[in-house]
Amino acid sequence: MGGVRGALLAHLQTGCTTVCRCWALTRRDGTVMGFTDHDGPLSFEGITFRADTGMSTASLQQSTGLSVDNSETMGALSDAAIREADIEAGRYDGAEVTSWLVNWADVTERHLMFRGTLGELRRGNGAFHAELRGLTEALGRPVGRVYQKPCTAVLGDSTCGFDITREGYFTERAVEVVEAGRVFRFDGMTGFDEGWFAFGTLAGLSGACEGLRGIVKRDAFEGERRVIELWHPMRATMETGDMIRLVAGCDKRMQSCRTKFVNLLNFQGFPDVPGDSWLTVQPASAGQTSGGSRRG
């Protein structure tokens, strides 16, 4: 088997082997889970690989160059392993996956077979099927700057550089009234201007939505109540009393960057790029032909 060396290679060459596959799955919230197709649990690298999940995998396709490695794994849905509710909530989206070929009689004899991320997840009849995407998958994504008037950065990311934990730009409070998982109503939340959280985020800090986020569509007052409406419902049940975190929103305009966040030096847009109408502009009829700006 290509790439296998040392004691594991010697074991495979005996012709009478005791090998199995193990997978480590690391979600974006930091949760690490271990699975194996062996009939008993195994432990190495600080992870316990459980055998009661019915996990198995299809053949792994690997190639040289920049072609994308891929495979598929499948297993049973259960409260003790991968739950359907967590898949529905998106907790496994983009999770990191590592797979080994392991000698279960001596787990120090193992070979790293695959490292990548979870792709498409399908579920039904009490089981799930997950596509595994190799590390070279990321090389197929388009990169580069986009020349447009609005800012291309995400508030708080490395290019924006704004500290979203700065006082006055976030609030943490308990849910008071929630409708359809997307409309939140609060009494007495008057410390922020109307629209302050529009285009911002609402993150769950406790309850079933802990670790999940939604994007704010509308932030307005209706009488004495403040209404926060999301573009889409939270992907798990949000209940009264659950703690949430609201972060101020950015509408990507240069004016907002200057006045709301005082972060103009990090603005990633091109506000002076001419619009499409300038492609068909006529020569100036005035006698001024100095070559100066036509924008006035």
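The values are calculated or read from the model by the stated rules, or taken from the named source; none is laboratory data. Just so it is clear, the structure is predicted and the values come from calculations on it, not from any experiment. Please note: Cβ atoms are built from the backbone with ideal geometry, for glycine as well, and neighbour counts cover all protein chains shown.
A few remarks follow.
- Any hit, the range 246-265, residues being closer than 30 Å to residue 84 by Cβ, surrounded by fewer than 18 Cβ atoms within 10 Å (Cβ to Cβ) and not assigned by TED's automatic domain parsing to the domain that holds residue 30: no
- Of the residues making up the range 204-227, one or more are closer than 22 Å to residue 91 by Cα, exposed (fewer than 14 other Cβ atoms within 10 Å of the Cβ) and of a type in the set (Val, Ile, Thr).
- Of 75, 65, 94, all but one fail to be part of a loop (DSSP other than H, G, I, E, B), assigned by TED's automatic domain parsing to the domain that holds residue 14 and at pLDDT below 80; the exception is 65.
- Residue match in the range 141-156 (condition: in a loop (DSSP other than H, G, I, E, B) and over 30 Å from residue 268 (Cα atoms)): no
- Of all the residues in the range 2-47, those that are more than 13 Å from residue 103 (Cβ to Cβ), touching a residue at least 24 places away in the same chain (Cβ under 8 Å) and among the hydrophobic types (A, V, I, L, M, F, W, C) number 5.
- Screening residue 149 against (1) under 23 Å from the mean Cα position of the chain (by Cα); (2) not assigned by TED's automatic domain parsing to the domain that holds residue 220 leaves a single unmet condition, (1).
- Candidate set: the range 210-261, residues that are part of a loop (DSSP other than H, G, I, E, B) and among the hydroxyl-bearing types (Ser, Thr, Tyr); chosen: the one nearest to residue 189 (Cα to Cα): 240
- Boolean, residue 185 is assigned to a loop (DSSP other than H, G, I, E, B) and not hydroxyl-bearing (Ser, Thr, Tyr): no
- Test: residue 114 is closer than 20 Å to residue 253 by Cα and either outside any loop (DSSP other than H, G, I, E, B) or at pLDDT 90 or above (or both): no
- Residue 102 being outside any loop (DSSP other than H, G, I, E, B), touching a His at 6+ places or on another chain (Cβ under 9 Å), of a type outside the set (Ser, Thr, Tyr) and buried (at least 17 other Cβ atoms within 10 Å of the Cβ): yes
- Only one of the numbered conditions (1) within 30 Å of residue 82 (Cα to Cα); (2) assigned to a loop (DSSP other than H, G, I, E, B); (3) of a type outside the set (A, V, I, L, M, F, W, C); (4) at pLDDT below 90 is not met by residue 131, and that is (2).
- Test: residue 197 is part of a strand (DSSP E or B), in contact with a strand residue (DSSP E or B) (Cβ under 6 Å, 6 or more places away or on another chain) and either crowded, with 18+ Cβ neighbours inside 10 Å or at pLDDT 95 or above (or both): no
- Candidate set from the range 157-179 (those that are in a loop (DSSP other than H, G, I, E, B) and among the aromatic types (Phe, Trp, Tyr)); member that is farthest from residue 204 (Cα to Cα): 162
- Residues satisfying the stated conditions in the range 123-143, i.e. farther than 21 Å from residue 26 by Cβ, under 20 Å from the mean Cα position of the chain (by Cα) and without any contact (Cβ under 8 Å) to a residue 12 or more places away in the chain: 142, 143
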